[in-house]
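Participant: My structure is below; once you've seen it, I'll send some questions.
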Amino acid sequence: MRLRLLVVIPLLLALAACETVQTTQGGAVGVQRQQMMFGGLSSAQVNQMAAESYAKMLEEARENNALNTDAALVRRLRRIADDLIPQVVHFRRDALDWDWEVNVVQNDQLNASVMPGGKILFFSGIVNRLELTDAEIAQIMGHEMAHALREHGREAVSRAYAAQTGTQVVGALLGLGEGTRQAADAAVQYGLMMPHSRANETEADLIGLELAARAGYNPEAAITLWQKMAGASSGSPPAFLSTHPSPQGRIQTLRNTIPRVQPLYEQARR
């Protein structure tokens, strides 16, 4: 019984340290899920950690002569980002003040990613190999921006931190602990570097669809984008699809949602 209490109590304490938040407004697509965040880990702290990791990634790419080497592609992506960023106000006003950043790594992989706080990284392969239109790029860009808006990184860090802290405390009580710093470091790395959950990916799809529509990009491009991604997988999904919903499932979800954002697109095109 005492051993069982030693295991349960730290886990309860970890859960008690979490708080339920709504990071964004629901928008026309209606993303309303409440999120559990570790109370001792603020958005600003996560954004700072992410900025440091992002800077390291850029430095590595620069050392390999792979950072922003295609000036035309960099300008194109940043122009699309400039169209999308003003639309974040429909989900959270504070995001207008974020230090948004878009960079491109010369790499043939079909991949793009975001770090908390609006640090976006595209691999050139996803644009060039798929011959993406601006509207299709806007879908990927909006998807990545949505991860940042919803603080999916902080959410993942919170889950991992709670689990790691609970495990570490149990180990310490049993004489097996290695220190909370190692647990926290592991949690941060897991939360910022590991792929998002399927539920988070669906949220990013929907919010990204609305961001692009509000910026004047045809929402039907979401369908052609994921058809291209599915066709490029050749039996094994690209890194960008590693934890995403199946192409067929996500395309159907997007088809069902397009009528909600079509009026926003039409209004933006007037």
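A short reminder: the numbers here are calculations on the coordinates, not readings from a lab. All values derive from a computational prediction rather than experimental measurement. Note: ideal-geometry Cβ built from the backbone for every residue, glycine included; neighbour counts use all protein chains shown.
Participant: Largest first and to the nearest Å, give the Cα extent of the stretch 24-136 along each principal axis.
Facilitator: 40, 31, 22
Participant: Mind listing the phi-derived Karplus ³J(HN,Hα) values for the stretch 125-134, rounded to whole Hz, using 6.51, -1.76 and 1.60 with θ = phi - 60°, and x for any glycine or proline?
Facilitator: x, 5, 7, 6, 5, 8, 6, 6, 7, 4
Participant: Please rank Glu155, Glu101, fewest neighbouring Cβ atoms within 10 Å first, as an exposure proxy.
Facilitator: Least to most surrounded, the residues fall as Glu101, Glu155.
Participant: Arrange His143, His90 by Cβ neighbour counts within 10 Å, fewest through most, would you?
Facilitator: Placing the least packed residue first, the sequence is His90, His143.
Participant: Also, I was wondering about something else. Under a plain spin-label model, where a point goes 7 Å from the Cα along Cα-to-Cβ, how far apart in nm are Gln25 and Arg79?
Facilitator: 3.0
Participant: Follow-up question, since we're still on this one. Would you kindly state how much longer the chain becomes between Gln109 and Ser43 on full extension, computed as 0.36 nm times their sequence separation minus their alpha carbon distance, in nm to one decimal?
Facilitator: Using 0.36 nm per residue and subtracting the Cα-Cα distance, I get 20.8 nm.
Participant: Here's something else I'd like to know. Using label points projected 7 Å from each Cα along Cα→Cβ, tell me how many nm separate Thr69 and Ala268, to one decimal.
Facilitator: 3.2
Participant: A further question follows. For a quick check: sort Met36, Met57 by the number of other beta carbons within 10 angstrom, fewest at the front.
Facilitator: Met36, Met57
Participant: Work out from phi, with θ = phi - 60° and the Karplus expression 6.51 cos²θ - 1.76 cosθ + 1.60, the ³J(HN,Hα) of each residue of the stretch 199-216, listed in order in whole Hz, and give x for Gly and Pro.
Facilitator: 4, 5, 5, 5, 4, 5, 4, 5, 5, x, 4, 5, 4, 5, 5, 5, 7, x
Participant: For a Förster distance of 25 Å, can you work out the FRET efficiency between the beta-carbons of Arg93 and Asp134, rounded to the nearest 0.05?
Facilitator: So, using R0 = 25 Å, E works out to roughly 0.40.
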